[in-house]
Amino acid sequence: MATFKEIGKLDLNQLEKEISSLWKTEDTFKNSVQQRKGNQSFNFYEGPPTANGKPGIHHVLGRTIKDVFCRFRALKGFYVERKGGWDTHGLPVEIEIEKKLGIKNKTEIENYGIEKFNQECKNSVLKYKKDWDDLTRKMGYWVDLENPYITFENNYIESVWWLIKELHKKELLYKGHKIQWYSPGSGTVLSSHEVSLGYKEVTDPSVYVLIKLHDLENTYLLIWTTTPWTLPSNVAIVINSEIDYALVQDGQKKIFVAASRVNSIFSEPKIIKTLKGSQLSNISYEPLYKIAGEKYSKSCFKTYTADYVTAEDGSGAVHIAPAFGADDNEIGKLNDLTTVIPVNQDGYFNDKSPEFIRNKWFKDADLPIIKDLKIRGLLYKKVAHKHNYPFDWRKGTHLLSYPVNSWFIKTSSIKDQLVSTNKSINWYPKNVRDGRFGKWLENNVDWALSRRRYWGTPLPIWESVHADSKTYDVIGSITELKEKAKLSDKCEIELHRPYVDEIVIETNNGERLKRVPDVLDVWFDSGAMPFAQWHYPFVDKDSFSSKIPADFICEGIDQTRGWFYTMHAISVLLTGKSMYKNVVVNGLVLDENGEKMSKSKGNTIDPLAVLNQFGVDVVRWYLISNSSPWDDMKFSYEGLKETRNKVFGTLENVYRFFSAYANIDGFEIKDFNKKNVQFSELDRWLISRINSTLREVSEKLTNYDCTTAARSIETFIDELSNWYIRRSRERFWAGKKVTDSSDTSLNDKLAAYIVTRDALTNLSTMMSPFAPFFSDWLFRLLNPEANESVHLQDYPEIKHDQIHEELESRIQYARDIVQLVLLIRNREKLNVRQPLRKVTVVVDQKVDKRTFDAIESIILKEVNVKTLELESNTSGLVKKRAKADFKLLGPKYGPKMKEIASKISQLEEEDINNLLENGLINLKIGEVQIPISSSEVTIISSSIEGLSVAQEGTLTVALDTTLDDSLIKEGTAREFINRVQSIRKNKDLNLTDRISVNVMTDPFVEDTIITFSKLIKNETLANEINFFKPHKLIGDNHQINGAEIVIEVIKQEPHQSDEFI
């Protein structure tokens, strides 16, 4: 019975199904976690996706990265819990339900009913959960899907409430009336991190507007704004007291403008005089607009000064609308200005606005206002202005700065801590720490926490029902709520709106408190997951300390202002420490042309279709090895095909070769444990490479460099197949094994089997984090008696004493030479089966002759060349000539240039070599020595006839490409062997089957076959070779070196003659 299962062509999809079924039967994931319980923990936090949309190919990338590092740490003996999670609240969910129900605004939601609306949200939020779970299982991403944290569950919400209560205890929670970025499309304020997600570059109309100054005939102050829609709310103008302002005559008008901006604004300016901004302060002007019913204070419609005004662009004068800007609002408070708000919270101008903009969307009012100003003669200039403007990151509508009441967290009070604790986090890539994330922290503003929405974690704040009372209470648990609301312990409470809105609590003084109608910023939900996923502090409080902080998290670059920030902020607010140690930031997956994927472009990729087409492990490996996770990557189907062939196809072939010959030779598992086996230098090289690759992969994965680790494994796969196996074929083909024999060849065969199986076993473990299905399949095949998953193994021990760097370096040098020779053969169209006479290698000074003595025979055999010669320089291999660089030398030497160029072209090869070596040569022009550097000369090299040269770095090889009859005959014999072996393969003959070969060809090829008959028979297992006259044989038609040949291969039974005819 065969020891190793032999395989046909591999169907990766079928393989994955079989391994997945084994994992389910054996409960492999659970066992892989539980067997490490009690060991040091490696904490991983899953950033919760929202399951109301289908997953994309970028999710496959992110989840592969997560899985690689978690599986690797499990191999290294860590206890790695991996809890799944779902982000289920927030505007994305509400928007989907609004579309479904045809609802356009918050009023319609409330008319429909908050209870029914939220139930729709809850029903929809896990609409695509099955798609996500299917993808997760399909791609082999091991995360606990049976016990995930879900942000809409009461236990999760209760932990979030506890966090809010703790912040309140620390006096970090407050209610404020501030100018905030507000989304009229969603009807709620947005936090700074949400605002940052929605910036787009847009072109808006900017206007220069003439403001008529009181008591000064035909005199105006020129203002500039990029938001014309705010002009109806104008109540003041600010200038800078230190800036010079010029009074410019423009027709009948006299216009004040910042002196430095005059030439940019006016075509032919005539300056009357110049004043300091301080001299233009406190001047009254005629209002542009007045809103009906507004009571304007006496301070309105005057000029004021402010340091923030600049003259870098615009006019040096800024209009003030306190309702629509934080700076404007501060100026308003400072000078008792009226706040005019003609725009409703739904983003439309109200009925008190100027008639021509009533009931218009605020941004749609720009052009009507500009038209009105033009008619009134107050529009000086309109200019298209390109700038970044924030939009609702979910709804896509414009945001506006708006005065709102909101609850805030004092994150600005711990800004220094946020920045300093970030310094201890390892970011991959490093530049995110002090760049995108660090800069964001340095510009921190207080967190606007509350949202006037419906489907979210209710803000656990109960306020007095009396408008003039400032009494409020923050609830931190269900138990506390029941106690203060005097509810039964057995009472079940649903913590969502509208149920929780109906609960009224009383203070000890009998004051009734009702919950504020707001819900929390959904990002607080996800940022709270380190605590809330475990229902902390209500469950298992003692073990919580071992679950924080996270050793590793991974999400997209956009999360620097999302989940990465909120988790960091909450942790520092509560504990003074960061909640994670290592962050891998993954970039975008682009299409093969480098374009962002979008449905509108039609270039999106269905992840399940790709996984089914190419196989999960192929896609995972390609995504990891193609580029570093943080770099944007171009997704290529050709790249997937190459990965399938280069990585998995190669390993498949190596195992097929190993198992076939091991079974032919009757090896059993016990044979691989034999002691006192003598290993050749080739064996010792591969053993060294096994261990040095194990070391490099371990080091790279420990330092979160999965791409280099994967590429290191790829290199080893190539070395195993294209160097070790290929150079060991004759050892495998040797006679039957006799394991107790002392015969050198038999020991050599056993050593080759042992080393090959060891290499494959170590590879299966090394690559298991990247390719979990294929690696498990391979490991089980190599260990048939144990039949245990590779994912239950330890990472292989690195045997440092078996790493021989000098040996590896020497073999690598040989491979480099071989690679260059093969490059030449390819360039000259000389198949490697065609022997050549001589190869010459220019020896680097660092390489001694002993190195060459050790690798000479290897090189010659690999490249099929008879002799190897060494040279100390390239003078005998290439012809060199020098040419002057006229662009560099011409300007320096002018009229002497012609003579200099002539001298350079006449340089002998020895002179050129000296120039290259020393970097400088002196040319005698007349009586003057002129120094010429190597950078000022172009060296042109050409091969000597009969030689073909290739260079890579300091390595140069020259191949003698001349052919004589003896070389051609030997090459022809090798080509004939190749054709026979190909026919054997096509006939599906067993490796041990003997054959007879019938041939019909020309006299030259026939004579060649006779001359090399012994070699041909040995290589092809042919008992006999028979020649036929023309037209007397039907077989496979081939061409060898231009000659027609017909070959027939017949399987022979063991008793048939082994005789050459």
Worksheet item: Looking at region 354-379, which of the residues that are among the aromatic types (F, W, Y) and touching a helix residue (DSSP H, G or I) at 6+ places or on another chain (Cβ under 8 Å) is surrounded by the most Cβ atoms within 10 Å (Cβ to Cβ)?
Response: F362
Item to complete: Inspect all residues belonging to region 561-575 and state whether any of them is out of contact with any helix residue (DSSP H, G or I) (no Cβ under 6 Å at 6 or more places or on another chain), on the phi < 0 side of the Ramachandran plot, among the small types (G, A, S) and at pLDDT 95 or above.
Response: yes
Item to complete: Kindly list the number of the only condition in (1) in contact with a Ser or Thr (Cβ under 9 Å, 6 or more places away or on another chain); (2) buried (at least 17 other Cβ atoms within 10 Å of the Cβ) that fails for V610.
Response: (1)
Discussion item. So, in region 844-890, how many residues would count as being at pLDDT 80 or above, under 20 Å from E806 (Cβ atoms) and not in a helix (DSSP H, G or I)?
Written reply: 1
Discussion item. Looking only at region 519-533, how many residues end up being assigned to a loop (DSSP other than H, G, I, E, B) and modelled with pLDDT under 95?
Written reply: 1
Fill in: Candidates K295, K382, K333 - the one that is touching a residue at least 12 places away in the same chain (Cβ under 8 Å) and either outside the structural domain of F256 (by TED's automatic domain parsing) or not in a loop (DSSP other than H, G, I, E, B) (or both)
K382
Worksheet, complete the sentence: The number of residues in region 917-943 that are in contact with a Ser or Thr (Cβ under 6 Å, 6 or more places away or on another chain) and either touching a residue at least 60 places away in the same chain (Cβ under 8 Å) or aliphatic (A, V, I, L, M) (or both) is 1
Worksheet entry | Restricting region 878-937 to residues that are among the hydroxyl-bearing types (S, T, Y) and within 28 Å of T956 (Cα to Cα), the residue that is surrounded by the most Cβ atoms within 10 Å (Cβ to Cβ) | S934
Worksheet item: Just a yes or no: is a residue in region 213-232 among the β-branched types (V, I, T), closer than 30 Å to G377 by Cα and part of a helix (DSSP H, G or I)?
Response: yes
Worksheet item: When you go through (1) under 23 Å from F72 (Cα atoms); (2) aliphatic (A, V, I, L, M); (3) assigned to a helix (DSSP H, G or I) one by one for M567, which number turns out not to apply?
Response: (1)
Worksheet item: Could we say that S420 is of a type in the set (G, A, S), modelled with pLDDT of 95 or more and either farther than 19 Å from W440 by Cβ or not in a strand (DSSP E or B) (or both) here?
Response: yes
Response to the item:
Note on region 11-32: residues more than 23 Å from D131 (Cα to Cα) and crowded, with 18+ Cβ neighbours inside 10 Å are S32
Item to complete: Within region 384-397, work out how many residues are under 30 Å from the mean Cα position of the chain (by Cα) and either within 15 Å of D204 (Cα to Cα) or among the polar types (S, T, N, Q) (or both).
Response: 6
Worksheet item: Restricting the search to region 136-191, which residues are at pLDDT below 90 and either surrounded by fewer than 23 Cβ atoms within 10 Å (Cβ to Cβ) or not in a strand (DSSP E or B) (or both)?
Response: G176, H177, K178, I179, W181, P184, G185, S186, G187, L190, S191
Worksheet item: Do you know which of the residues in region 938-948 that are outside any strand (DSSP E or B) and either surrounded by 19 or more Cβ atoms within 10 Å (Cβ to Cβ) or not charged (D, E, K, R) (or both) is modelled with the lowest pLDDT?
Response: I944
Worksheet item: For the subset of region 271-289 comprising residues that are crowded, with 18+ Cβ neighbours inside 10 Å and in a loop (DSSP other than H, G, I, E, B), which member is farthest from the chain's Cα centre (by Cα)?
Response: I283
Practice prompt. Considering (1) under 30 Å from D351 (Cβ atoms); (2) within 56 Å of the chain's Cα centre (by Cα), say which one K298 fails and leave the rest.
Written response: (2)
Practice prompt. Kindly check whether there is at least one residue in region 411-427 that is among the aromatic types (F, W, Y), in contact with a helix residue (DSSP H, G or I) (Cβ under 9 Å, 6 or more places away or on another chain) and surrounded by fewer than 23 Cβ atoms within 10 Å (Cβ to Cβ).
Written response: yes
Item to complete: Say whether the condition of being surrounded by fewer than 16 Cβ atoms within 10 Å (Cβ to Cβ) and aromatic (F, W, Y) is met by at least one residue in region 629-639.
Response: yes
Practice prompt. From (1) polar (S, T, N, Q); (2) in contact with an Asp or Glu (Cβ under 9 Å, 6 or more places away or on another chain); (3) more than 23 Å from I237 (Cα to Cα), pick out the condition that doesn't hold for N431.
Written response: (2)
Worksheet item: Considering only residues of region 117-135 that are modelled with pLDDT of 90 or more and either under 19 Å from H58 (Cβ atoms) or in contact with a strand residue (DSSP E or B) (Cβ under 7 Å, 6 or more places away or on another chain) (or both), which is surrounded by the fewest Cβ atoms within 10 Å (Cβ to Cβ)?
Response: D134
Fill in: Enumeration of residues in region 773-803 that are part of a helix (DSSP H, G or I), polar (S, T, N, Q) and under 21 Å from N31 (Cα atoms)
S775
Worksheet item: Of the residues F1012, F1004, F1027, which single one is closer than 29 Å to L963 by Cα and either of a type in the set (A, V, I, L, M) or buried (at least 17 other Cβ atoms within 10 Å of the Cβ) (or both)?
Response: F1012
Fill in: region 570-599 - residue that is in a helix (DSSP H, G or I) and of a type in the set (S, T, N, Q) and, of those, farthest from T411 (Cα to Cα)
T575
Worksheet item: Only one residue in E871, E862, E856, E908 is among the acidic types (D, E) and farther than 28 Å from R727 by Cβ, so which one is that?
Response: E908
Discussion item. For region 72-101, give me the residue count where each residue is of a type in the set (K, R) and either under 19 Å from P148 (Cβ atoms) or more than 25 Å from the chain's Cα centre (by Cα) (or both).
Written reply: 4
Worksheet item: Of everything in region 290-312 that's aromatic (F, W, Y) and surrounded by fewer than 18 Cβ atoms within 10 Å (Cβ to Cβ), which residue is nearest to R261 (Cα to Cα)?
Response: Y308
Discussion item. Could you check region 430-489 and list, in sequence order, the residues that are surrounded by 17 or more Cβ atoms within 10 Å (Cβ to Cβ), in a loop (DSSP other than H, G, I, E, B) and among the acidic types (D, E)?
Written reply: D446
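The values are calculated or read from the model by the stated rules, or taken from the named source; none is laboratory data. Since this is a predicted model, take the numbers as computed values, not measurements. All Cβ positions, even for glycine, are placed from backbone atoms using ideal geometry, and neighbour counts span all protein chains on display.
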